[in-house]
Amino acid sequence: MSRQARAAWRRAPTRNRLLAFMALCAISLQVAAQAQIQITPIAEPKRAAVMPLGANALRASDAASWLDPQIAEAMKRAPIAGAVVIVVKDGNILLSKGYGYADVSAKKPMDPATTLFRVGSLSQLFTSTAVMQLVEQGKLDLDADVNRYLDFSIPPRDGKAVTLRDLITHTAGFEDVVKDQSVADASSLISNEAWLKRWVPARIYPAGEIAAYSNYGAALAGYIVQRVAGEPFETYVEQHIFQPLGMAHASFRQPLPSSLQADMAASYAGSNATPTSTGWMPAVPAGALSISGNDMARFMAAHLQDGRIGDAQLLRAQTVQQMHDYSRPSVTGLHAMGLGFHHLDRHGQGIIGQSSDTRFFHSSLALFGQQHVGLFVAVDGANDGGLRRQLLDGFADRYFPPLPQIRQPTLATAREHGALMVGRYLGSTLSLSNFRALRNLFTQKEVSMAPDGTLRTPLFDHLVGPAHWREVKPFLWLDDTSGSHLGAEVKDGKLRWFSIDELAPTQVFLPVPDWLSPARMQPLLGGTLAIFLLAALSWPLAVLLRRVRGRPAELPESAGRWYRLSCVTAILQLLFAAGWWLMLPRLEMGTSQLDTRLRLLQLVGLLACLGTIAVALNAWHAWREPGGWWRKLASLILLLACLVALWFTFSQHLLSLHLYY
């Protein structure tokens with residue numbers, strides 16, 4: 001800089017000098033960032049985004065050196081037998097690594113090119129892609145009543161019919177379905193069509209309003225593809241997705257084709273456990289896909305490259321954009337649901353993807369559309385010890401870090417709005433029309449408020465850790481540690497539901513009705529069972545006392561008969577309650593093998609309900625006899641307990657005629 005220029009710089013106002021300095025810095029950073037970008041040649045290259053300030057260059061060597069120690073540590077602390085990690089960038093596989101074993105006893109290593117994982121709900125990304133292929137061909141309409149395409153009927157609710165858009169965004173309003181979602185052996189496997197038709201779950205929400213994850217809805221979307229395409233769903237996906245993309249290690253078929261069976265990873269509860277059967281899934285389009293890491297890479301690359309890999313066109317660019325950009329939020333300000341994909345935005349990056357947990361396989365997929373980068377992680381084990389979230393967050397922080405953020409202040413309304421949140425909740429994915437509704441008594445989650453005005457949500461600790469939620473916008477809370485948001489929908493001053501970023505695309509949490517709250521149900525049910533227990537004990541105690549004192553029976557034969565039957569009724573009620581206590585956890589297995597035991601339990605319940613007649617006649621005799629006020633009062637209390645049990649039995653559908661749930 002010349003002497004005259006330096007003098008002019010010193011004479012310039014401070015504000016002008018500051019602006020000039022900032023402009024120079026911005027130009028320098030942009031030039032430096034552009035110099036670091038590596039563009040991989042592809043058939044139809046997309047313009048790469050500028051590398052964010054402070055980011056590591058996304059190269060295979062850097063990604064591997066970052067991944068290896070993290071996965072090694074996770075495999076030490078969690079029951080993980082093996083894992084694969086795939087990174088795609090600009091349409092090509094940047095990193096493809098396997099860790100641990102696909103078969104522990106044979107020491108067969110995980111091979112990302114050939115080892116197959118059961119990826120559960122990630123299957124629905126393929127189902128949604130198949131739907132959109134038929135939409136762009138004009139064969140399907142996302143907003144038409146699905147009954148147009150079906151050979152059985154899905155009833156409307158509140159005048160709203162279910163559409164394909166509702167099915168692939170999990171807002172069709174179906175109650176949860178558990179029975180026979182997975183079966184233990186091939187002989188018990190039925191087709192997706194048969195599974196869908198044998199029982200249509202109740203519509204418990206109006207279509208398009210409440211997010212509630214539904215395998216039934218996803219399976220129904222796949223069946224519509226089958227009906228409209230005129231070929232089995234498995235065949236359609238093979239011919240229109242797998243084969244065009246060159247995916248030779250992917251299949252929805254059960255059992256797997258003989259050429260792929262040896263490549264299936266054994267399912268383990270841990271690194272040293274005995275392998276367990278993965279089971280079979282009738283709802284094929286909802287979760288039966290088995291796929292290798294490298295084949296998933298080709299699917300990711302197609303979606304990141306406007307639907308094209310080489311000469312293969314999976315979808316038109318406009319259709320891909322429609323799938324990725326569509327947003328149906330369940331709660332304002334939280335992650336929304338797209339057409340098949342979940343929005344997982346982080347650090348200002350538009351991220352879409354999905355995660356899945358089966359019994360022994362856990363997988364996550366994330367597409368960073370602006371960066372043309374995809375990440376796929378699959379884990380074989382009872383749980384992943386938080387590995388997938390750790391890798392996704394760490395990947396985003398390392399390669400696409402955020403700009404420095406000013407800490408958002410806590411709103412003055414934090415305590416007022418937090419008070420509305422305090423209470424008990426049920427997840428929207430639940431059962432209401434069958435006996436699995438009984439589960440709603442025991443799966444309620446609590447939200448509380450700490451002395452500092454932050455919200456506490458132990459139900460989400462496994463997802464975001466022990467969060468401290470601060471209100472940073474009206475009815476939108478932030479946990480500073482995890483960066484996750486909690487949001488609530490409020491109408492006319494009343495809370496409708498809430499959720500958090502990690503769950504909002506497919507699940508919200510609804511306030512528990514007053515009649516179902518523990519404050520009301522625990523005393524009512526506890527008192528009722530206590531009455532039955534006392535009544536059941538009164539009979540043998542009365543007999544024992546009479547024998548000890550040498551007294552004959554005090555009641556006339558007719559009254560004594562009804563008294564004894566009322567005691568038997570109390571015993572049956574206790575057996576019925578105990579049976580459901582033991583049966584309820586087993587219902588989550590969803591196996592038809594429980595049917596016989598369920599019918600026997602219902603027989604006990606039916607006899608207990610019919611026994612209410614005997615209890616009523618016992619009370620009638622007691623009140624006709626002179627004196628004996630203790631017996632009169634006891635008979636009346638027992639009758640009231642039976643009426644409560646009767647109400648509870650039918651309100652919870654414990655004697656339903658069908659065994660679907």
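The values are calculated or read from the model by the stated rules, or taken from the named source; none is laboratory data. Note that the structure is predicted; figures quoted are calculated from it, not measured. Because the Cβ atoms are built from the backbone with ideal geometry, glycine has one as well, and the counts that use them run over all protein chains shown. These area figures cover heavy atoms from the full protein model, side chains too; ligands, DNA and RNA do not enter into them. Shrake-Rupley method; radii C 1.70, N 1.55, O 1.52, S 1.80 Å.
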Quick one: accessible area per residue over the chain, 1.4 Å probe, rounded to a whole number of Å²? 46 Å²
Two decimals, Cα atoms only, Kirkwood Rh: what is Rg/Rh over region 525-594? 1.19
Ranked output for segments 429-437, 441-449, 495-503 by mean other Cβ atoms within 10 Å, highest leading, reads 495-503, 429-437, 441-449
Tell me, what are the semi-axes, in whole angstrom and largest first, of the equivalent ellipsoid of region 99-172 as set by the roots of 5 times the Cα gyration tensor eigenvalues? 39, 15, 10
Set of lysines near Lys139 by C-alpha distance (under 26 Å), chain-local residues within fewer than 8 positions excluded: Lys160, Lys197
Part-to-part distance (alpha-carbon centres) for region 401-478 and region 118-158, which is given in Å: 33 Å
Quick check: at a probe of 1.4 Å, how many percent of the accessible area of the chain sits on carbon and sulfur atoms? 59 percent
Against the longest principal axis of the chain, how steep is helix 518-549, in degrees 0 to 90 to the nearest 10, with axes from Cα atoms? 30 degrees
Given (i) 17, 42, 33, 8, 0; (ii) 18, 50, 26, 5, 0; (iii) 16, 42, 27, 11, 3, 1, 0 as possible values of P(r) over Cα pairs in 20 Å bins from 0, in percent, the one from the coordinates is (iii)
For Lys76, give me every one of the aspartates and glutamates with a C-alpha distance below 16 angstrom, ignoring sequence neighbours fewer than eight places off in its own chain. Asp68, Asp380, Asp384
Can you find, among Ala366, Gly386, Gly348, the residue sitting farthest towards the positive end of the charge dipole of region 324-386, where Lys and Arg contribute +1 and Asp and Glu -1 at Cβ? Gly348
Less than 26 Å apart at the alpha-carbon level, and either on another chain or at least 8 residues along: which lysines does that give for Lys473? Lys445, Lys491, Lys494
